[in-house]
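Right, one structure below, let's go through it.
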Number of protein chains: 2
Amino acid sequence: MRRTVISPLAITTLAALVLSPVALAQKPPLVSQADIIKQSVPSDWRRLDPENTLVMEINGQQVILELAPRFAPQHAANIRTLAREGYYTGSAIVRVQDNYVTQWADPADEEKEKDKDKVKPLGTALANLPAEFSIPFKGLPLTRFTDPDGWAPVSGFVDGMPVAANPAKNQAWLAHCYGMVGAARSGKPDSSNGTSLYAINGQAPRALDLNITVVGRVVKGMDVLSSLPRGPGAMGFYDKPEHYVPITRARVLADIPAAEQPAIEIMRTDTATWRKLVEASRHAIGGWAVRSALHSNICNRTVPTRPIASPAAS
Amino acid sequence: MRRTVISPLAITTLAALVLSPVALAQKPPLVSQADIIKQSVPSDWRRLDPENTLVMEINGQQVILELAPRFAPQHAANIRTLAREGYYTGSAIVRVQDNYVTQWADPADEEKEKDKDKVKPLGTALANLPAEFSIPFKGLPLTRFTDPDGWAPVSGFVDGMPVAANPAKNQAWLAHCYGMVGAARSGKPDSSNGTSLYAINGQAPRALDLNITVVGRVVKGMDVLSSLPRGPGAMGFYDKPEHYVPITRARVLADIPAAEQPAIEIMRTDTATWRKLVEASRHAIGGWAVRSALHSNICNRTVPTRPIASPAAS
């Protein structure tokens with residue numbers, strides 16, 4: 001007998017039997033997340049933003065990173081420049097710390113005894129950027145989650161990304177959830193410039209929020225980054241150059257010929273369909289689960305993607 | 001320049017500068033988590049329980065699972081029997097779903113067209129067990145976390161494991177955090193028997209809580225389980241037998257010769273030192289981080305382990 005643990009998407013009307021009167025008063029949706037996705041309309045989906053998407057190739061597989069120019073405009077611009085001028089092509093994964101981060105950089109810049117001649121030139125990219133830890137909350141088109149987040153007074157999604165906020169301080173920031181990408185820095189808060197980036201590969205380390213600039217989210221290929229061997233060095237660094245996993249190519253989506261572009265689209269997070277999906281995730285629907293959590297957390301909700309027939313058409 | 005993302009343990013007095021008056025009134029500790037661990041005393045640590053620890057070998061590496069007999073006594077006993085009678089030795093990882101679970105089972109029991117002669121016999125282990133989803137909260141020696149959990153009214157640690165509870169229902173349960181291990185089941189809640197187990201390899205899927213029996217925690221070797229290739233099949237199942245990753249050996253710790261026993265000990269979670277560590281994790285200490293989260297979550301706190309000089313001595 002195949003025993004399993006149900007897929008998160010499948011956990012979502014037998015469960016109505018175990019709901020409390022309070023929950024029943026909330027009229028739980030009787031439609032599963034999978035069915036909500038099936039019933040979605042074309043306007044529930046969007047294409048990747050050509051100027052704000054980085055397509056990397058690692059171990060022969062694509063890793064697609066969507067930048068967040070609303071939250072980190074200067075980092076997004078610098079990363080775009082670095083990608084266009086070939087900085088990332090030939091850089092490598094230099095660190096994989098279990099249940100924390102997968103990080104990439106110019107390996108020559110990582111060596112303790114570094115040969116300055118081998119360090120990649122920045123080209124027209126800037127060496128110094130301001131810290132972009134938060135933006136004003138006021139006016140932000142946040143699709144809000146109603147359950148308490150614990151780490152922040154307010155949470156939800158903006159532009160397909162998990163966001164936490166403190167309205168009293170008029171402050172909003174990208175949350176360190178699984179798959180989110182940040183710009184590594186040294187001790188100085190404004191020492192990141194996008195040359196070294198990291199993706200969260202485990203439980204959301206939300207204590208990092210507001211301590212470092214988050215630049216976007218891996219929308220495809222996080223499995224590639226999370227299944228790499230953990231580094232044996234301190235903090236998960238690969239301690240031998242032969243362990244480095246090369247980034248064989250990195251391009252801005254806009255620069256990729258239409259026929260080669262990744263044929264995926266992403267669910268919008270400013271729609272009634274997304275709100276229904278989030279609500280459905282609070283309830284056990286479908287028969288496997290016997291208890292509804294009646295809770296949803298921004299870091300437990302992955303924005304759906306799906307293949308599209310013709311990536312070039314829009 | 002080596003830019004990085006600080007290790008979680010290192011994030012913990014410069015931060016006092018940004019604390020609110022309320023936080024300052026709480027007298028934040030000025031000692032980092034690393035220093036609290038250094039200053040710990042022998043009684044802050046414990047050995048692995050020989051009768052409740054399973055030592056597996058996968059890809060030549062050890063994966064150590066501590067069972068939770070207080071929470072799932074019948075599953076713990078059945079798993080012990082299965083291990084002692086050789087059930088797990090020769091079983092395999094059959095599923096790795098990214099940001100969800102790594103699952104192992106008897107591969108022959110997974111085949112759609114299965115040859116009953118090849119399915120491993122259960123021996124003296126029981127085929128049917130009750131669901132062990134929760135235990136009474138009253139009297140539980142919970143080292144409580146004071147920050148809101150979101151998923152449950154009360155949370156904390158018991159016996160080194162993350163626990164959520166609802167005192168109003170006199171109910172407590174093991175929380176699905178990273179590295180926690182559960183017993184896979186089919187549609188029937190009481191269909192698990194320990195023959196197929198899974199470990200959480202990503203963001204805590206807390207919606208599974210109270211829906212399945214949790215049997216323990218991986219205390220060493222989670223990096224082995226989390227870095228395996230993701231399965232290409234539905235729900236991350238390996239769809240070709242040649243993808244299965246064999247469990248070459250699985251033994252109960254008590255049955256392993258003293259000289260071969262893993263030389264690690266674990267921090268107790270019923271001590272003042274553990275409580276200090278949890279409190280320290282709420283604060284930015286050490287200079288890298290500029291902002292204290294002033295929040296801690298059971299799924300973000302990993303119980304420290306350390307090598308011991310002589311595993312057999314006690």
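Worth a mention:
- Restricting the first member to the range B:185-214 and to residues that are more than 7 Å from chain A (Cβ to nearest Cβ), and the second to residues that are assigned to a strand (DSSP E or B) and among the charged types (D, E, K, R), the beta-carbon pairs closer than 8 Å and six or more apart or on different chains are B:THR213/B:ARG185.
- Some residue of the range A:79-90 being surrounded by 24 or more Cβ atoms within 10 Å (Cβ to Cβ), within 15 Å of the chain's Cα centre (by Cα) and closer than 28 Å to A:PRO229 by Cα: no
- Highlighted here are the strands (runs of 3 or more DSSP E) found entirely within the range A:155-273 that include at least 1 residues which are under 17 Å from the mean Cα position of the chain (by Cα), surrounded by 24 or more Cβ atoms within 10 Å (Cβ to Cβ) and basic (Lys, Arg): A:214-220.
- Test: residue in the range B:290-307 that is of a type outside the set (Val, Ile, Thr), crowded, with 18+ Cβ neighbours inside 10 Å, in contact with a helix residue (DSSP H, G or I) (Cβ under 9 Å, 6 or more places away or on another chain) and more than 30 Å from B:ALA152 (Cβ to Cβ): no
- Evaluation of A:THR248 against the conditions (1) within 14 Å of another protein chain (Cβ to nearest Cβ); (2) closer than 21 Å to A:ILE58 by Cα shows that the sole unmet condition is (1).
- Subset of the range B:167-184 that is at the interface with chain A (Cβ under 10 Å from one of its Cβ atoms) and touching a Cys at 6+ places or on another chain (Cβ under 7 Å) - its residue that is nearest to B:GLN103 (Cα to Cα): B:TYR178
- Condition check for A:VAL219: more than 14 Å from chain B (Cβ to nearest Cβ) and of a type in the set (A, V, I, L, M, F, W, C): no
- Of the criteria (1) under 22 Å from the mean Cα position of the chain (by Cα); (2) under 30 Å from B:TRP104 (Cβ atoms); (3) of a type in the set (Lys, Arg), which one B:ARG282 fails: (2)
- Residue count, the range B:34-48 (criterion: in contact with a Lys or Arg (Cβ under 6 Å, 6 or more places away or on another chain) and farther than 12 Å from B:ARG275 by Cα): 1
- Within the range B:228-256, the only residue that satisfies the criterion of being in contact with a helix residue (DSSP H, G or I) (Cβ under 8 Å, 6 or more places away or on another chain) and of a type in the set (Ser, Thr, Tyr) is B:TYR244.
- Listed conditions (1) surrounded by 17 or more Cβ atoms within 10 Å (Cβ to Cβ); (2) assigned to a strand (DSSP E or B) are all met by B:ARG144, apart from (1).
- Scanning the range B:71-78 finds one or more residues that are in contact with a Pro (Cβ under 6 Å, 6 or more places away or on another chain), crowded, with 17+ Cβ neighbours inside 10 Å, among the small types (Gly, Ala, Ser) and closer than 22 Å to B:LEU140 by Cβ.
Values quoted throughout were computed directly from the atomic coordinates according to the rules given, and no laboratory measurement underlies them. The structure presented is a predicted model; accordingly, all values stated were derived computationally and were not measured. Neighbour counts are summed over all protein chains in view; Cβ atoms, including those assigned to glycine, are modelled from backbone coordinates with ideal geometry.
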